[in-house]
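The values are calculated or read from the model by the stated rules, or taken from the named source; none is laboratory data. For clarity, every value in this text was computed on a predicted model and none was experimentally measured. As a convention, Cβ positions derive from the backbone with ideal geometry for all residues, glycine included, and neighbour counts pool all protein chains shown.
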Amino acid sequence: MSLPLQQLYIGGRYVNATSGETFDTINPATGEVICQVQKASQADLDQAVISARQGFKVWSRMTGTERGRILNKAVALLRSKNQELAELEVLDTGKPIQEADCVDVASGADCIEYFAGLAPTISGSHVQFNNAFGYTRREPLGVCAGIGAWNYPIQIACWKAAMSLSCGNSMIYKPASMTPLTSFKLAEIFTEAGLPDGVFNVITGDSKIGQGLSLHPCIEKISLTGSTATGKIVMANAASTLKHVTMELGGKSPLIIFEDASIDNAVSAAMLANFYTQGEICTNGTRVFVEESIHDIFVEKLLARTKKMIIGDPMDPKTQVGALISESHMNSVLDYIEQGKKAGATLLCGGQRRTEGNLAKGNFVEPTIFTNCSDDMSIVQEEIFGPVMSILTFTDEEEVIRRANDSDYGLAAGVFTQNINRAHRVIAELEAGTCWINNYNITPIELPIGGYKQSGIGRENGPTAIEHYTQLKSVYVELGDVDCPYE
Ligand code: NDP
């Protein structure tokens, strides 16, 4: 498929960037250029802000019910275009179509539907005083900026738009440069659904545009999904105008499997937590702590199932492992695998790039499992963001909690056990914002998601997200005279 030059989307329509510059977006499975994408200039960014402010005036004055109605039309359109959007996402990300056609667009649509439903419920409170009363108004922030990562492009764009727009804000969205295409389709869908012009704008460009958004005096909030390193820069820039921030950042999460766990379920979870989307998932449970007594049986079952995983053309519905996002990212993953070997971990399976047949020009890496890992190895400490699982063993509960928490990250954690008391006791001790008992990486929209420690600030999804996209105004209403000591 060859697509035309990708323009910017500002004020409800496509416009040319004024920079005259473009960049390529590449299919990770073939190395081919999908299309060229225009780079926004500072002037384009300023124009997007003007447009978003105009859109905000119209949108924020609509009732929650009216906003919800338009958002729900967008949900229906998203679902009706599921297949074409999923195919475009596969082209841009390299992830398997068997994932994209049932998860990426669906999860985005679910989130918009959920927040469309919450929109009419957004309200303040009433407080009674003597001869006076007070009330609060929960008001939108204004223009919000969303900056997305490349692993779940349309899902991230939908999630940020859902929260922002349901509260009455407008949004300027900057997708990751490696995967910009589906965000523009979302913008088209919003316009088709009746969203007023300027309420959702998409601009593309490198980190300079992201920086421009973080520094812009007329943007009230930045919501970033990206690495912890980028989060620190964005937050520092956002501080110059005291913007609200939500940071969804990196992780190196523990998955703890006790000896009484259902081993087959624990193996399923460990595979999903490391190999789904080629391991390019922020919440992945990449430090798999297995109780020593079940290590051998766990590894035997895991190995047998991992060996059967199908690596291949992401557009083939049978493919379970697609291509990593870029050649440089693939090389970084392969470098981590070398570091693991050098550090003395045992390579149980995988570890190689695959280049046979039509995989030759893509960034394909086998699902990789290391055993005999120790806590100080780089493969155990650092976020690899590829299909690399590190297995560690433990013998008692206190020890595994301490080791699981020994990380600057705190995004997610999982515990497998049949002991209900232990499950809740361990979860309570884990320093992570998103946890699972007897499952992994399940993220229903109804539950907030976000990180502890250096994995993030704020929460997305669930009713609490409304607090991160609104501000409270307190109003005191006098019903009597002004009590004044001055004659
Ligand atoms: P990056 O941090 O490299 O990029 C994220 C976004 O930030 C991109 O749009 C990027 O633009 C932009 N950006 C980069 N530098 C700046 C800057 N100085 N100012 C403003 N914006 C900037 O992350 P990746 O895209 O590589 O995504 C992978 C990371 O995202 C992993 O660490 C992963 O854990 C995390 N992530 C977290 C999730 C969560 O919910 N917690 C979910 C998904 C991923 P450009 O692309 O143009 O460089």
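Listing for the model above:
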item: Failed condition for Asn131, given (1) buried (at least 19 other Cβ atoms within 10 Å of the Cβ); (2) more than 26 Å from Asp46 (Cβ to Cβ); (3) of a type outside the set (D, E, K, R); result: (1)
item: Count of residues meeting criterion [part of a helix (DSSP H, G or I) and among the acidic types (Asp, Glu)] in segment 19-58; result: 2
item: Subset tally (residues that are within 16 Å of the ligand (Cβ to nearest atom) and assigned to a helix (DSSP H, G or I)) for segment 276-314; result: 4
item: Filter pass, Tyr409 being crowded, with 22+ Cβ neighbours inside 10 Å, in contact with a His (Cβ under 9 Å, 6 or more places away or on another chain) and modelled with pLDDT of 95 or more; result: no
item: Some residue of segment 87-96 being in contact with a helix residue (DSSP H, G or I) (Cβ under 6 Å, 6 or more places away or on another chain), small (Gly, Ala, Ser) and either within 16 Å of the ligand (Cβ to nearest atom) or farther than 30 Å from Leu479 by Cα (or both); result: no
item: Any pair with Cβ under 6 angstrom, 6 or more apart, that starts in segment 226-237 at a residue that is farther than 13 Å from Asp408 by Cα and touching a residue at least 60 places away in the same chain (Cβ under 8 Å) and ends at one that is near the ligand (Cβ under 7 Å from one of its atoms) and in a helix (DSSP H, G or I); result: Val234/Ser214
item: Qualifying residue in segment 85-96 (condition: more than 19 Å from Tyr173 (Cα to Cα), modelled with pLDDT of 95 or more and polar (S, T, N, Q)); result: no
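Results for (1) within 19 Å of the chain's Cα centre (by Cα); (2) under 14 Å from Ala145 (Cβ atoms); (3) surrounded by fewer than 23 Cβ atoms within 10 Å (Cβ to Cβ); (4) modelled with pLDDT of 95 or more, shown as yes or no for each residue.
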{"site": "Gly212", "(1), (2), (3), (4)": "no, yes, no, yes"}
{"site": "Ile222", "(1), (2), (3), (4)": "yes, yes, no, yes"}
{"site": "Lys232", "(1), (2), (3), (4)": "yes, no, yes, yes"}
{"site": "Ser293", "(1), (2), (3), (4)": "no, no, yes, yes"}
{"site": "Asp316", "(1), (2), (3), (4)": "no, no, yes, yes"}
